[in-house]
Amino acid sequence: MPEITLEIVPAVVIPTHLTGEVQSKLAYVDQGIAKAVVSADGLHITLHLHQQPNSAERSRLEEKVQRVVTSLARGAIQPKVQVLEDFMDRPVRYHQDPNDVLLARGEMSQEAQGIFTLGPLVTRLIEFFENQFLGLAASFNAAPYRFPTLIPARYLERVNYFRAFPHSLSFATHLREDLDVIDDFAQHAACDHEHLLGALNTSAESFAPIQTLLSPAVCYHLYFSLADKPLPGGQLVATAVGNCFRYESFNLRSLERLWNFTMREIIFVGSKDFVLQNRELARQEMAQRLEKIGLAYRVESANDPFFIGEFRKQAAFQSAFQLKYEIRASLPFKNATLAVGSYNYHQDFFGRNLNISLPDGSGAPAGAPVHTGCVAFGLERMAYAFLAQFGPEPANWPAVVRDWIKTSAAPQNPGGA
Ligand code: 5GP
Ligand code: ZN
């Protein structure tokens with residue numbers, strides 16, 4: 001079947017620093033779009049479509065695309081990117097995309113778009129990185145926490161998440177408590193190659209009103225547990241690992257971008273100085289760890305992928321106040337980088353919105369909102385970037401990684417003394 005494409009000339013030239021952002025947001029314009037490509041010069045957009053549109057559909061598509069373009073690109077000012085570390089020239093040994101070889105060897109398999117199971121090779125590598133992050137957390141005496149995968153809708157609402165990231169939400173629901181509804185579902189539910197049919201088609205009312213979503217981040221759970229009271233002791237360092245969910249439509253691809261991924265966070269709560277100093281210490285210690293591993297990367301200022309309406313204001317705010325730095329690891333096979341971790345400072349955003357206050361005697365005026373920050377690592381991405389730089393053969397991995405995996409995975413001596 002010939003490919004169906006639609007060429008659109010953007011109403012505003014898309015500046016280079018926004019081509020990736022526009023391209024990824026075009027995923028949310030219309031279900032009929034299978035892929036979108038913004039040319040490097042920002043002068044053309046090519047939409048790959050599932051079906052030939054009629055003229056009304058074409059103008060509707062064009063109108064929506066132009067809305068995305070103008071709201072992201074019109075009058076956009078390129079933020080000054082601040083580079084804090086640059087080790088991109090560290091020697092790497094591999095120049096291919098590790099995905100194909102991992103799939104071919106059964107070291108990874110795809111359950112659905114953006115959902116992968118990982119075999120022993122990637123799992124051990126993730127354990128190695130987890131050990132590094134736990135070492136980092138221990139140097140701050142971070143208290144361990146475990147958080148649920150579900151998060152109440154009202155929590156996310158309190159921190160403006162619905163306005164900032166509506167496109168990436170994942171909802172969790174269940175059948176209504178009604179014997180007829182449940183019986184009907186049990187009898188008629190069936191799947192096509194990817195969708196649940198039956199109950200959904202017959203009546204959306206079978207599902208209960210949404211109370212919970214799949215959690216998009218780890219640190220939110222800590223802030224909610226501290227809400228509406230003074231922070232005991234005035235400062236806290238915590239760590240937790242958890243499943244995170246960000247729906248990314250057709251941008252979901254391999255280990256590079258998952259719907260369901262795992263994040264390890266170290267979280268700082270306290271005064272402004274406490275949070276900023278610890279964020280900086282964490283960065284410095286992590287730099288030493290990444291040097292020993294030999295990872296090629298740089299750390300630079302960044303912003304979160306806010307949705308279209310919020311993007312300009314929020315991204316400019318983040319960059320003006322240097323709120324986010326990303327560890328961007330080199331992906332040699334495509335001469336690009338990938339964010340494998342981030343150093344974040346939220347100012348008093350969570351303190352204010354969730355009413356978490358500093359107690360008496362903590363330096364700041366009593367009752368002032370706490371400041372927060374977190375250091376977050378994407379475990380699958382960390383392993384993916386490492387494999388992209390060193391390949392899938394452990395024999396070619398840096399000794400520090402190989403040796404740790406060998407000793408930690410050594411079987412117990414069965415009859416040992
Ligand atoms: P952040 O909170 O900075 O957006 O995310 C923290 C880290 O989680 C990122 O630096 C990245 O390593 C990981 N992460 C964020 N989004 C995704 C995603 O879509 N897929 C994967 N695999 N990791 C992600
Ligand atoms: Zn966080």
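Of note:
- Qualifying residue in segment 385-394 (condition: at pLDDT 95 or above and surrounded by fewer than 16 Cβ atoms within 10 Å (Cβ to Cβ)): yes
- Odd one out for A208, checked against (1) open to solvent by less than 20 Å² (accessible area, probe 1.4 Å); (2) at pLDDT 95 or above; (3) out of contact with any Cys (no Cβ under 9 Å at 6 or more places or on another chain); (4) more than 28 Å from E21 (Cβ to Cβ): (2)
- Filter result for E300 (crowded, with 17+ Cβ neighbours inside 10 Å and within 9 Å of ligand 1 (Cβ to nearest atom)): no
- Among (1) open to solvent by 50 Å² or more (accessible area, probe 1.4 Å); (2) touching a residue at least 60 places away in the same chain (Cβ under 8 Å); (3) not in a helix (DSSP H, G or I) - the single one R67 does not satisfy: (3)
- In the set (1) under 29 Å from R289 (Cα atoms); (2) outside the structural domain of L387 (by TED's automatic domain parsing), F165 fails one condition alone, (1).
- When A227, A217 are screened for being within 30 Å of N141 (Cβ to Cβ), crowded, with 18+ Cβ neighbours inside 10 Å and touching a strand residue (DSSP E or B) at 6+ places or on another chain (Cβ under 9 Å), only A217 passes.
Quick grid of which residues meet (1) in contact (Cβ under 8 Å) with a residue 60 or more places away in the chain; (2) at negative phi; (3) hydroxyl-bearing (S, T, Y):
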site: Q96; (1), (2), (3): yes, yes, no
site: R124; (1), (2), (3): yes, yes, no
site: I151; (1), (2), (3): yes, yes, no
site: S170; (1), (2), (3): yes, yes, yes
site: T173; (1), (2), (3): no, yes, yes
site: D180; (1), (2), (3): no, yes, no
site: L196; (1), (2), (3): no, yes, no
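- Comparison of A186, A282 shows that the only residue that is among the hydrophobic types (A, V, I, L, M, F, W, C), in a helix (DSSP H, G or I) and not assigned by TED's automatic domain parsing to the domain that holds Q110 is A186.
- Candidate set: segment 247-279, residues that are in a helix (DSSP H, G or I) and among the aromatic types (F, W, Y); chosen: the one surrounded by the most Cβ atoms within 10 Å (Cβ to Cβ): F274
- Scanning segment 203-246 for residues that are over 30 Å from E127 (Cβ atoms) and either in a helix (DSSP H, G or I) or within 14 Å of ligand 1 (Cβ to nearest atom) (or both) yields A204, E205, S206, P232, G233, G234.
- Flag if T19 is outside the structural domain of L331 (by TED's automatic domain parsing), at pLDDT 95 or above and surrounded by 12 or more Cβ atoms within 10 Å (Cβ to Cβ): no
The values are calculated or read from the model by the stated rules, or taken from the named source; none is laboratory data. Computed from a prediction, not measured in an experiment: that's the story for all the values here. Methodologically, a virtual Cβ is constructed for each residue, glycine included, from the backbone with ideal geometry; neighbour enumeration extends over all protein chains shown. For the accessible areas, the whole protein counts, side chains as well, though only heavy atoms, and no ligand, DNA or RNA atoms are used. Shrake-Rupley method; radii C 1.70, N 1.55, O 1.52, S 1.80 Å.
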